[in-house]
Structure formats: structure tokens, C-alpha cells
Amino acid sequence: MIKLHDKYFEPFLNEAEIKAAVKKIAQEIAADYKNEVPIFVGVLNGAFMFVSDLLKEYPHPCEVTFVKLSSYHGLTSTGIVETLLDVSEDIEGRSIIILEDIIDTGRTLQKLVHLFSKTHVKEFKIASLFYKSEIYNGEYTIDYVGLEIPTKFIVGYGLDYNELGRNLKEVYQLNQTNMINLVLFGKPGAGKGTQAGFLKEKYNLKHISTGDVFRYNIKNGTELGKLAKSYIDDGDLVPDEVTIKMLQDEVEKNQDAAGFIFDGFPRTTAQAQALDNFLESKDMQVNATIALEADDEILIQRLLERGKESGRSDDQDENKIRNRFDEYNEKTAPLKDYYQNQGKFHSVNGIGGIAEITERLGKVIDEL
Ligand code: AMP
């Protein structure tokens, strides 16, 4: 086991396994390009070791250059990718082979394809040393694959965790045994978002609020936002299939998290089951569901106050608020039994000072 920053990683692939994957790609490309001189384009920073070792295995004449992209992860990591080092101009009419260290969701790949579609190359192919087939969106064909790997966060051999680990000769995967995943449970206005803000700092967790993700998407006019808007405006739940998919995407985008706080999810039994199955497929689990309990009339007053400040339309209309409570009582309240049956349900008094309530929650978490 090794430690990088705050996290522990365990061995996943040794040098021989990596070398075999690199060699396999080199041979496949060599067979296809023996009659011309291709230009290899490495994608910095992660691919530098792969590029170096691949070229050493490549038996025919070839050229090499690099591009660099940068991805920014905002609230929902919409995957806005920016070019930092563009392709050189003398690639016109040539065959390009893009060398990626890893392809997971495919967002970076999409940007690369756009980048090369603008050029006048003869053709471009994509080679990736590692490939997470379970989460790849499948938009483009990946022409050469070294190894298919499970959806785990990995470092080493060029890949980093916050810039550390690139120099490792082997590949390591995140050890998740110390991970804590919490579900914050409670009616609208119970203080889930406020408390999550404190808990995520205290326990170094990633906070995922499905309501926030929906609002972000509505604000940015995305397809998801358009889909969700009418439900949210009426205080109804957004359909499970949409919400479950979105939640899974948010978890996938944060594979290096030390744990998650799910806020506003699950809200139905189908969502809770989907969450259990999904987490299990990643060797993860919900460790505890903590309910913030408060009286309806207090909550309605809180929401109306919040609505004045935030401008959230679903917080400004008492009828919509009551509808959200009805949705909660009908669809979300049964989850108490679901988690009680798993021995994971905890309840905390949600009335009092903010710090006082954080302390109550902390007590439950520290005993896990
Ligand atoms: P919130 O900010 O958690 O109060 O969520 C605001 C609105 O987003 C809800 O009233 C629903 O319309 C929608 N929403 C948020 N989370 C979910 C979920 N897990 N399932 C369905 N709809 C949701």
C-alpha cells in the first residue's frame, strides 16, 4: 500500500502487465501502418510514459508530437475541456494516432475528436492504454486498446492523483476500505444542504445534492435541465430513470472521493435499490442514513424564508411546498423502513442551532 496526499492505493498492475499491453498496441499499429510514417500524438500529461514506451516498441519509422487539454470540474463537472497546447500545423495529409493513457467517460476523447476534425489530416485513429468500458459513453470507436479495466480510480505510470503518482512504474488503485458514504435524509427544509456543507469539510467528503445538480442544469439550459424543470417547478419528483442516471454520473466524475454525502437522494425505493446496486458494483456501500427530524409547520416557515432569499420558486409558494411534503410522505418516507431493515438508519433532532445539529450528526458518524 502507498499513500499519496490523503489517500491509500494498492497495487493493481505490475510492470510486466503494463509492458505487455503497450507492446500489443505497438504491434497492432505497426501491422496497420508498415507502409507509411504515422505521427503519434500523445495527450499530456498522463500519456508521457505510455508514449515513450510505445515508441520504443514501435518497429517502423514514425514521428511524435503532443497536445495538452485541461478539464475543469465545477459543481457538476460538465466536462468543459480546454486546449492548452494545440496540434502543430504540419500534420496536413498525414495519418495521426492519438495516444491516450486512459479513456473513461469519453469527455476528453470528444474534445480530441473535435480538435482533429478541424484539421486536414488523412485520418486519425485513437489508441488508449487503459479503457474503462463500463462507463465509456461509446460515442467514438477506440481503435487500439491496451487493457480494459474496471471503473476504479487508478494512479501510476503517468496517471496522477492531484499530480502525485505519475512517476510510479506500476499502476495502483484507490483503496476504499476507509470510505464513508452517508445519506442525509429529511423533508425539504430540514437542513440537509446546510449540514452537508459542514460535514463535507469535517470528513473530507464529496457532497452531491441532486436538487443542486438539477438547478445547475436548469440554469445552464442543458437537456437534463429542460427535462427536469417542469417537475421541479410543480414540486413533483423528477422521474427515477433520469435522477438515477444523473446520480451515477456524479459519482463516476468523482472517483477519487474519500466518500460521499448524498443529499436529496434517494427519494424513492427504486432509487435506494439502484444506489445499493450501483455502489456494490464499485465495492462501496451506504454506511449510514441519517434523518434530520423537524416538524412540518416549522419547515414550511423555514422554506418560505429561504425562498425570499434564494428566489427558488418552489420555496415561495405554500401549495408547492405542501405538494413536496406529500411527495415525501408518499414516496420518500418508506425509505426509513428500507434502511432500518439494513440496520443503517439513524435519526437526529433537526431543531436547534446549526452548530448544535452538526455536533449531533458528527456523533453518529464518529460511531460508525
Ligand atoms: P431539493 O433541492 O433536494 O429540495 O430538490 C428540489 C427538487 O428537485 C425536488 O422537489 C424534485 O423535483 C427534484 N429532485 C431532487 N432530488 C430528487 C430525487 N432524488 N428524485 C426526484 N426528484 C428530485
Q. If Arg215 passes every condition in (1) of a type outside the set (Asp, Glu); (2) at negative phi; (3) open to solvent by less than 30 Å² (accessible area, probe 1.4 Å); (4) within 12 Å of the ligand (Cβ to nearest atom) but one, which one does it miss?
A. (3)
Q) Which number in (1) open to solvent by less than 20 Å² (accessible area, probe 1.4 Å); (2) in a loop (DSSP other than H, G, I, E, B); (3) at pLDDT 95 or above marks the one condition that Thr151 misses? A) (3)
Q: Kindly indicate which of Thr243, Thr269, Thr289 is of a type in the set (Ser, Thr, Tyr), open to solvent by 50 Å² or more (accessible area, probe 1.4 Å) and at pLDDT 95 or above.
A: Thr269
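I need the full set of residues from the stretch 299-311 which are open to solvent by 50 Å² or more (accessible area, probe 1.4 Å) and in contact (Cβ under 8 Å) with a residue 60 or more places away in the chain, in order please.
Result: Arg302, Arg306.
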Q: For the stretch 247-263, name all the residues that are open to solvent by less than 10 Å² (accessible area, probe 1.4 Å) and within 11 Å of the ligand (Cβ to nearest atom).
A: Leu247, Phe262
(Q) Can you pull out every residue in the stretch 333-343 that is open to solvent by less than 80 Å² (accessible area, probe 1.4 Å) and either in contact with a Pro (Cβ under 8 Å, 6 or more places away or on another chain) or without any contact (Cβ under 8 Å) to a residue 60 or more places away in the chain (or both)? (A) Ala333, Leu335, Gln342, Gly343
(Q) Anything in the stretch 352-368 that is surrounded by fewer than 14 Cβ atoms within 10 Å (Cβ to Cβ) and either of a type in the set (A, V, I, L, M) or part of a helix (DSSP H, G or I) (or both)? List them, or say none. (A) Ile354, Ala355, Glu356, Glu359, Lys363, Asp366, Leu368
**Q.** Any strands (runs of 3 or more DSSP E) falling wholly within the stretch 165-255 and containing at least 1 residues that are closer than 30 Å to Ile300 by Cβ and assigned by TED's automatic domain parsing to the domain that holds Ala270
**A.** 180-185, 206-209
Q | Set Leu174, Leu159: member being at pLDDT 95 or above and under 19 Å from the mean Cα position of the chain (by Cα) | A | Leu159
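Scan Asn319, Asn329, Asn323 and give me the residue that is within 14 Å of the ligand (Cβ to nearest atom), touching a Gly at 6+ places or on another chain (Cβ under 7 Å) and of a type in the set (S, T, N, Q). If you could, list the steps in order and put the result at the bottom.
On the way: Asn319 fails: touching a Gly at 6+ places or on another chain (Cβ under 7 Å); Asn329 fails: touching a Gly at 6+ places or on another chain (Cβ under 7 Å).
Being within 14 Å of the ligand (Cβ to nearest atom), touching a Gly at 6+ places or on another chain (Cβ under 7 Å) and of a type in the set (S, T, N, Q) holds for just one of Asn319, Asn329, Asn323, which is Asn323.
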**Q.** Members of the stretch 232-241 that are hydrophobic (A, V, I, L, M, F, W, C) and more than 8 Å from the ligand (Cβ to nearest atom)
**A.** none
Q: Inspect all residues belonging to the stretch 110-125 and state whether any of them is among the small types (Gly, Ala, Ser) and not in a loop (DSSP other than H, G, I, E, B).
A: yes
Q) Right, Lys200: under 15 Å from Gly264 (Cβ atoms), in contact with a His (Cβ under 8 Å, 6 or more places away or on another chain) and more than 12 Å from the ligand (Cβ to nearest atom) or not? A) yes
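The values are calculated or read from the model by the stated rules, or taken from the named source; none is laboratory data. Here the structure is a predicted model, which is why all the values come from computation and not from measurement. Backbone-built Cβ (ideal geometry, glycine too); neighbour counts: all protein chains shown. For the accessible areas, the whole protein counts, side chains as well, though only heavy atoms, and no ligand, DNA or RNA atoms are used. Shrake-Rupley method; radii C 1.70, N 1.55, O 1.52, S 1.80 Å.
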